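Engineer: Sharing a structure with you now.
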Amino acid sequence: MENGIGKSGDKDMENSMENGMEKQYKYDAFISYRHVEPDQTIAKEIHRMIEGFKPPKEFYKSGKKTSFRVFRDREELAARDLSSSIEEALKESHFLIVLCSKRTPLSEWCEKEIRTFRSLHGDSRIIPVLLEGEPDESFPMPLKQLKRGEDESLLDVLAADIRPEEVLKKDFPGYEAVQKTDKGKLTDLTKQAVKLLKVEKYRIMAAILGCNFGDLKQRDKERKNRLILTISSMLGALFLIFGLFMTAAYQKAEQARQEAVQSNASILLKTAKDIAKEGDYLKAVLVAKEAMQSIGKKMLSYLKLRGEEFSIFHDAIYHSGASTLTSISTKNKLTYMSLSYNEKYLAYGLDNDATAIASVENGEVIRIFSGHTQQVKLPLFSHNDKMLATSSFDSTCIVYDVETGESLAKLEIPGIPMLTKFSDDDSALFCIAFRDNLADFYVFDTATWEEKSKFTITEPIRHADIKGDGTEALVVLNANVEGQLTRRSMQDGSIIDVLPKEKAVDINGQEYELSYRQASYSGDKENILLLTDSSIKKLSLSDYTELFKQSIKVDSNDLKPLVEGTNGETIALQSYSKIYLLDGKSGEISDEIYFSELGTKYFAYHSETNTVVGFGADGHYSIWRNKVIVEDKLNYGGALPSELKFLQDGSKILANSHDGQTIKIIDMKSRISEEPIYARIVSYSNDFSKMLLYDGSELSFSSDNGKSSEIINLGDNLNFGLMKNGSVYQISNDGRYFTSVWQKLSSPKPFLLLYDLETQEKQELELNSISPLLRFSDDGKALYILDAKEGLKVYSTADLTEMESYPELQESATSFLLSEDGELLVLNRFSGTASLYSLANRKELGNIPGQVLYIKKNGEEILLKGIQNNTAFTWSNQTDTKTVAMDDACAQTPLSFDDINLYNEKSGLLLMIRNNEIERKAYVVDFESGQLKMSFTPSVKAYDVNGYISPDGTVLAIDQNYYAKIYGDDSIAHDYMSSAVYHILSEEEVEAEIEKILAGRVLTEEEKEQIGITAK
């Protein structure tokens, strides 16, 4: 029971002071814990708490303030025995603090530390701290053996309890399970446990000081209150004397501080944008969040900086399809990578002598393994993901326990490592190393790590593959000689069989033998695949029956031209810039893939989704899926990757660039984009409730943002081609009328077609211009036609009779707008000026520099919104024009007369699409602030890119891809078109999506140092 403050408490403190004088220790406490989360974070907090604790004056030694020292081992031990430094620290420690979680009893090192301390100091100075579970399941055996009374339980031994409420629940799965499934939750629970330490620290310190918990807590509270009173009194006097001076000085200092903080945030946000351009969106987001940590809402530049932060967030989540998520720096030009079989982790050689494991989800480095003295080339997970083998240029292969980081074995493999492989059942490890012109083959027993067999091939080897069960190997020699390809026993290297050479005939009719370049065991486990520079062949492993042979030329410089699908059912083979897909049983070619503008250097193949991704030498990549190129010329950013791995579900590609010393994680599908529209956007109604679409053969309209559409059947006499733009195609707001301009072969004059979609009646009107500007009235009852010859004419949609004519409006224009009541008209001229005109009074009301995108008549006020160069403006006939400069990034792409600009009043979004011949770019801007929210790079070049914003401003669509492929001998070309569709997220939704992407990842200290972020 706790004692109140009084004489008994004073006596306790006096006794504790006398006891503390018995012996001088170097450390007041030694913290024993497992190097897992949250154990190590809590250990760090306890360390900081003890060394920063200020005891009552009764504990001052010789009148001097008492200080505390703590020993906390920061490194995971690799050896089985405690190091001499640990034993010395235990000997020199007054108390032992043991952090107890469900994983603590599994740690032999924690157990040894407790046993060692007990043997040195006995049982009375051990302080258990419970993190999770109950003592009987979280205490190591030596703690359970601590001396206690007959009527005492393990709970009586417990010194401090920092289990959050959720951890106390019976259905709590344990920290280990949470760490694997929900890192965000683990972080939150860790914070809750640390918060509990604010009270529980007094129990720990009471044990160290040898006094009562309640007494110590009350004394510390009194000390703090006295300190607060003292400081308050002093500050009161100072403020009374220097009030005015200090206020002015504070304001000036605070202003300078805020300016410095905002300037630093602006620099960091620019750094984040640069990182995003390189394709590491995840790190860009982390830097942006770091930049905004010290920015308050009342700061002058808050809105601007907040807008820049969200622009980076949008860049990270708004993609039409594939995009790089993050980059992992290997600092190793020679390493290959290994994907764990559960696909959670990625292993790679790090720097000059280490190996690392990173999360496939977010690229976070989970663990670093040491032990090598030179670069690691070949890391490899075992099939059960419990072991990691790492072959290095230091002529060793170290095998680690993935969970603990312990070194299980260090195998001597002289030479350059060329292959590392576990048997299918993980019972054996195979290694191949080159020495001069020799190749050494090793087989190790993974139970004992003893060498089971070793043999040497004394000729240079071109390729080798080891069968999954470890019984044999296929070996291809460099020299094109008899016996170039052999099957060999893995027991002693003896030749099981010599496979016959492939023969061919040269241009002179002379027969010659082809050289094998690759031989491998098929994924079907029954056959082998043989590859020469001119053919691929599949043989039965049992009797060498030829299952198929396909003549396909292969570039001798290609490192990995062949990729097999699941179980060998399909094969992808690269032939220079083409990729062929073959049936794995018959060898029949099912598809021939050619990325015309890419110059394919390397490729990845995913059989389940029938997807091929080609990477070009110019740093771009394209995606083919089910006979069409769905994404073309995407920017990879950085040096070309030469090693590629698909996840089993096809959701990600891991791309390793040896030259760039970087591994990138590529998301194969946008996280927030909706199902694309498999058509191009031709036009839309005035209110954007209807969208005109063209899929390469048929015109249709949609009333639900492109989710579904109805075909507009104009008859066989009217055929659509690959139109440059859709300016002469219009649909009314109610979806009843469609109009367009056509040319008859029998007449030199064009004609306007008005089609009633309700009655399917057609009306025609002869025109003098092939490209007039067309617009329906908002109620759909009138059709406005504007051309430079006849001016503006208004026709009834009921019978195409002329209702009104304005011949004075005979000027060329790029577009025109009408007010809702039809009384006002705005002409956007080619000169870059907009003219406001009263149709009711036939009077020009004024000229406004720029392009008007929105008109609103509100009583006597006329409101116009538009853009001029890189400025957004709001014009009113009653107030001054308001202008807002848009983000400089919007001015990076040249303007053209074919640009498309759209504005949505409800959302305040401005969509600007650049259609110049050099680069296609789309920018989405917040009209009121000018902040760039997001940008897109459509790959369409065959026609002008168009866009669409839904009436409520929540859906955005942009033309994205165009691909034409010729099928068969008839040479009939089929056009494939698609438009990307995005759901515009709220700020809350954006932040939630960002947290999903980060998945608990934070910037490491090394990353902060590289970026230039100083510690707080």
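The values are calculated or read from the model by the stated rules, or taken from the named source; none is laboratory data. Only a predicted model underlies this, so the values are computations on that prediction, with no experimental measurement involved. Counting neighbours? That spans all protein chains shown, and the Cβs are built from the backbone with ideal geometry, glycine included.
Engineer: So, of the residues in segment 336-378 that are polar (S, T, N, Q), surrounded by 17 or more Cβ atoms within 10 Å (Cβ to Cβ) and closer than 22 Å to F434 by Cβ, which turns out to be nearest to the chain's Cα centre (by Cα)?
Structural biologist: So the residue we want is S338.
Engineer: Which of the residues that make up segment 879-890 are of a type outside the set (V, I, T) and surrounded by fewer than 14 Cβ atoms within 10 Å (Cβ to Cβ)? Before you say what the answer is, go through the steps one by one.
Structural biologist: Start the filter on segment 879-890 by keeping residues that are of a type outside the set (V, I, T), which leaves 880, 882, 885-890.
Result: D880, K882, A885, D888.
Engineer: If I ask for residues that are more than 19 Å from the chain's Cα centre (by Cα), part of a strand (DSSP E or B) and farther than 19 Å from D959 by Cβ, which ones from segment 616-636 would you list?
Structural biologist: The answer is G616, W624.
Engineer: Scanning segment 550-567 for residues that are of a type in the set (S, T, Y) and touching a residue at least 24 places away in the same chain (Cβ under 8 Å), which turns out farthest from N610 (Cα to Cα)?
Structural biologist: Once the filter is applied, the top-ranked residue is S556.
Engineer: While we're on this one: Quickly run through segment 279-306 and pick out the residues that are of a type in the set (G, A, S) and in a helix (DSSP H, G or I).
Structural biologist: Listed by number, the residues that qualify are A284, A288, A291.
Engineer: Take the conditions part of a strand (DSSP E or B), at pLDDT 90 or above, surrounded by 13 or more Cβ atoms within 10 Å (Cβ to Cβ) and not acidic (D, E) and apply them to I114. Does it pass?
Structural biologist: In short, no.
Engineer: Identify, please: which residue in segment 920-967 is outside any loop (DSSP other than H, G, I, E, B), β-branched (V, I, T) and under 27 Å from the mean Cα position of the chain (by Cα) and is, among those, nearest to R625 (Cα to Cα)?
Structural biologist: I958
Engineer: Among all residue pairs at least 6 apart or on different chains, which show Cβ distances below 7 Å where the first residue, located in segment 656-676, is on the phi > 0 side of the Ramachandran plot and the second is not basic (K, R)?
Structural biologist: Q661/S329; Q661/T330; Q661/N332
Engineer: Checking A922 against (1) touching a helix residue (DSSP H, G or I) at 6+ places or on another chain (Cβ under 8 Å); (2) at pLDDT 90 or above, which test does it fail?
Structural biologist: (1)
The rows are residues; the columns are (1) within 23 Å of I711 (Cα to Cα); (2) over 50 Å from the mean Cα position of the chain (by Cα); (3) polar (S, T, N, Q).
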{"residue": "T739", "(1), (2), (3)": "yes, no, yes"}
{"residue": "W742", "(1), (2), (3)": "yes, no, no"}
{"residue": "K762", "(1), (2), (3)": "yes, yes, no"}
{"residue": "S769", "(1), (2), (3)": "no, yes, yes"}
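Engineer: Given (1) touching a Lys or Arg at 6+ places or on another chain (Cβ under 7 Å); (2) basic (K, R); (3) surrounded by 15 or more Cβ atoms within 10 Å (Cβ to Cβ), identify the lone condition not met by K578.
Structural biologist: All conditions are met except number (1).
Engineer: Please list, ordered by first then second residue, the pairs with beta carbon atoms under 7 Å, 6 or more apart or interchain, first in segment 53-67 and under 14 Å from A206 (Cα atoms), second at pLDDT 80 or above and in a loop (DSSP other than H, G, I, E, B).
Structural biologist: Once the first residue is under 14 Å from A206 (Cα atoms) and sits in segment 53-67, its partners that are at pLDDT 80 or above and in a loop (DSSP other than H, G, I, E, B) give F53/F68.
Engineer: List every residue pair whose Cβ atoms lie under 6 Å apart, where the two residues are 6 or more positions apart in sequence or sit on different chains, the first residue falls within segment 291-316 and is under 14 Å from V924 (Cβ atoms), and the second residue, located anywhere, is of a type in the set (S, T, N, Q).
Structural biologist: G307/S929; G307/Q931
Engineer: When the residues of segment 745-768 are filtered to those that are in a loop (DSSP other than H, G, I, E, B) and hydroxyl-bearing (S, T, Y), which remaining residue is surrounded by the fewest Cβ atoms within 10 Å (Cβ to Cβ)? Don't jump to the end; show me each part of the working.
Structural biologist: Residues of segment 745-768 in a loop (DSSP other than H, G, I, E, B): 745-749, 757-761, 767-768.
Okay, now just the ones that are also hydroxyl-bearing (S, T, Y), so 746-747, 759.
Details: S746: 4, S747: 9, T759: 8.
Here the residue is S746.
Engineer: What number of residues within segment 425-446 satisfy the criterion of being surrounded by fewer than 18 Cβ atoms within 10 Å (Cβ to Cβ) and polar (S, T, N, Q)?
Structural biologist: Total meeting the criteria: 2.
Engineer: Which one of these does R103 not meet: (1) touching a Phe, Trp or Tyr at 6+ places or on another chain (Cβ under 8 Å); (2) basic (K, R); (3) without any contact (Cβ under 8 Å) to a residue 60 or more places away in the chain?
Structural biologist: Unmet condition: (3).
Engineer: Considering only residues that are modelled with pLDDT of 80 or more and of a type in the set (G, A, S), which ones fall in segment 715-733? Even if it seems obvious, please write down each step before you answer.
Structural biologist: Restricting attention to segment 715-733, the residues satisfying the condition of being modelled with pLDDT of 80 or more are 724-733.
Those that are modelled with pLDDT of 80 or more and of a type in the set (G, A, S): G726, S727, S732.
Engineer: Take the residues in segment 524-575 that are surrounded by fewer than 16 Cβ atoms within 10 Å (Cβ to Cβ) and touching a Phe, Trp or Tyr at 6+ places or on another chain (Cβ under 9 Å); name whichever of them is nearest to E592 (Cα to Cα).
Structural biologist: K553
Engineer: Which ones in segment 846-865 are in contact with a strand residue (DSSP E or B) (Cβ under 7 Å, 6 or more places away or on another chain) and on the phi > 0 side of the Ramachandran plot? Break it down into steps so the answer makes sense when it comes.
Structural biologist: Narrowing segment 846-865 to residues in contact with a strand residue (DSSP E or B) (Cβ under 7 Å, 6 or more places away or on another chain): 846-857, 861-865.
Selection gives G846, G850.
Engineer: Oh, and also: Going through L530, L547 one at a time, which residue ends up being outside any loop (DSSP other than H, G, I, E, B), in contact (Cβ under 8 Å) with a residue 12 or more places away in the chain, under 26 Å from E643 (Cβ atoms) and not basic (K, R)?
Structural biologist: Just a single option satisfies the conditions, and that option is L530.
Engineer: Which members of segment 951-981 meet the condition of being modelled with pLDDT of 90 or more, surrounded by fewer than 22 Cβ atoms within 10 Å (Cβ to Cβ) and of a type in the set (G, A, S)?
Structural biologist: G953
Engineer: While we're here: Could you list all residues from segment 533-544 that are free of Cβ contacts under 8 Å to residues at least 40 places away in the same chain and in a loop (DSSP other than H, G, I, E, B)?
Structural biologist: Answer for segment 533-544, where residues must be free of Cβ contacts under 8 Å to residues at least 40 places away in the same chain and in a loop (DSSP other than H, G, I, E, B): D533, S534, L541, S542, D543.
Engineer: Considering each of K180, K195, K191 in turn, give the residue that is surrounded by fewer than 18 Cβ atoms within 10 Å (Cβ to Cβ), part of a helix (DSSP H, G or I), at pLDDT below 90 and within 38 Å of the chain's Cα centre (by Cα).
Structural biologist: K180
Engineer: A further question on this structure: Restricting to segment 336-376, name every residue that is in contact with a Ser or Thr (Cβ under 6 Å, 6 or more places away or on another chain) and either among the charged types (D, E, K, R) or outside any strand (DSSP E or B) (or both).
Structural biologist: D353, G363, G371, H372, Q374
Engineer: Across segment 495-506, what is the total count of residues that are under 19 Å from V554 (Cα atoms) and either surrounded by fewer than 17 Cβ atoms within 10 Å (Cβ to Cβ) or in contact with a helix residue (DSSP H, G or I) (Cβ under 7 Å, 6 or more places away or on another chain) (or both)?
Structural biologist: Qualifying residue count for the region: 4.
Engineer: I need the full set of residues from segment 651-675 which are crowded, with 18+ Cβ neighbours inside 10 Å and of a type in the set (G, A, S), in order please.
Structural biologist: Selection gives A655, S657, G660, S670, S673.
Engineer: Would you confirm whether or not segment 207-214 contains a residue that is surrounded by 14 or more Cβ atoms within 10 Å (Cβ to Cβ), out of contact with any Pro (no Cβ under 7 Å at 6 or more places or on another chain), among the aliphatic types (A, V, I, L, M) and at pLDDT below 90? Walk me through how you get there before you give the answer.
Structural biologist: Initially, segment 207-214 is screened for residues surrounded by 14 or more Cβ atoms within 10 Å (Cβ to Cβ), giving 207-214.
From the residues that got through so far, the ones that are out of contact with any Pro (no Cβ under 7 Å at 6 or more places or on another chain) too are 207-208, 210-214.
Now restrict to residues that are among the aliphatic types (A, V, I, L, M): 207-208.
With the extra rule that they be at pLDDT below 90, the set shrinks to 207-208.
The answer is yes; a qualifying residue exists.
Engineer: Take residues that are surrounded by 14 or more Cβ atoms within 10 Å (Cβ to Cβ) and in contact with a Gly (Cβ under 9 Å, 6 or more places away or on another chain) and tell me which of the strands (runs of 3 or more DSSP E) falling wholly in segment 677-743 contain 1 or more.
Structural biologist: On the way: elements: 680-684, 691-694, 699-702, 729-731, 737-743.
Result: 680-684, 691-694, 699-702, 737-743.
Engineer: May I pose another question? Do you know which residues across segment 872-901 are out of contact with any Phe, Trp or Tyr (no Cβ under 9 Å at 6 or more places or on another chain) and not in a strand (DSSP E or B)?
Structural biologist: N877, Q878, T879, D880, D888, A891, Q892, P894, L895, S896, D898, D899
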